[in-house]
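The structure under discussion appears below in the form of structure tokens.
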Ligand SMILES: [Zn+2]
């Protein structure tokens, strides 16, 4: 650089520095509202969750949660991530909620895998002998009973659950109430959800966090749909199976990432491509949600 063009060059540097400083001063110094995100891998340990032909829900949720944690840490360096489990251990829902609350989470993400019972079909009838008491005497009679054929349930696709707001509340648009996927797992040690105390607590949770939970849930399902998955949309329940959601002091969603009882989806959820796609969709939604909440 010659002395002749050094001066304009220096003045350019000074001007851009001044601009940068003044520009930075103009920007509002908002602190992010989402500082900590809790990632919960559903089930684990003594409680494997739903079973497929060769894998369990607990194995898949852990793999997905670990991948999601890595991906989000990379893309959100200013956020702290806490996993409820990083190995094959069991936590009851109370412990999960305790972890989330103790760590001051701003968002609770539960990763699950769905299941449907086998399809039961009547394919014929047979006669079986039964002993009946007729007029005080034991007699052998024949009864017609159906013959069933069981086949794997073909249902597939994703859905994201939120804790159902008070039934008297006006329902949010796009929410379907659904009891189809009622699961008996993850209900150990869950307090009575119909006790007056529990109802008050749940109502308070809904007032504070229902709206944002639904927003995130919709974003997740939109991402799944645009990645080509079948989306059952945002569903709401208020049963023991998802009690943990309203036990956390933060917006919370439970993502059913696919059906382990559908062979194709079991393969997809166990594959590297499938797992990468699933966590990509969830991460996209979380990034968008954070931008919305932080007002960027
Ligand atoms: Zn589950």
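The values are calculated or read from the model by the stated rules, or taken from the named source; none is laboratory data. The shown structure was predicted, so the numbers you read here are calculated from the model rather than taken from an experiment. As a convention, Cβ positions derive from the backbone with ideal geometry for all residues, glycine included, and neighbour counts pool all protein chains shown.
Scanning segment 48-71 for residues that are in a helix (DSSP H, G or I), in contact (Cβ under 8 Å) with a residue 60 or more places away in the chain and over 12 Å from residue 269 (Cβ atoms) yields 68, 71.
Where residues in segment 246-284 are assigned to a loop (DSSP other than H, G, I, E, B) and within 21 Å of residue 97 (Cβ to Cβ), which of them is farthest from the ligand (Cβ to nearest atom)? So, considering only residues that are assigned to a loop (DSSP other than H, G, I, E, B) and within 21 Å of residue 97 (Cβ to Cβ), the one farthest from the ligand (Cβ to nearest atom) is 249.
Taking the criterion of being more than 19 Å from residue 256 (Cβ to Cβ) and either more than 15 Å from the chain's Cα centre (by Cα) or surrounded by 15 or more Cβ atoms within 10 Å (Cβ to Cβ) (or both), would at least one residue in segment 49-62 satisfy it? Yes: one or more hits.
Of all the listed residues (219, 188), the sole one being modelled with pLDDT under 95 and either assigned by TED's automatic domain parsing to the domain that holds residue 57 or in a loop (DSSP other than H, G, I, E, B) (or both) is 188. Checking each residue in segment 120-163 for being outside any strand (DSSP E or B), surrounded by 10 or more Cβ atoms within 10 Å (Cβ to Cβ) and out of contact with any helix residue (DSSP H, G or I) (no Cβ under 7 Å at 6 or more places or on another chain) picks out 153, 154, 155, 157. Taken together, the residues in segment 32-47 that are in contact with a helix residue (DSSP H, G or I) (Cβ under 6 Å, 6 or more places away or on another chain), more than 10 Å from the ligand (Cβ to nearest atom) and part of a loop (DSSP other than H, G, I, E, B) amount to 3.
Inspection of segment 77-87 finds a residue satisfying the criterion of being assigned to a loop (DSSP other than H, G, I, E, B), within 19 Å of residue 160 (Cβ to Cβ) and touching a strand residue (DSSP E or B) at 6+ places or on another chain (Cβ under 7 Å).
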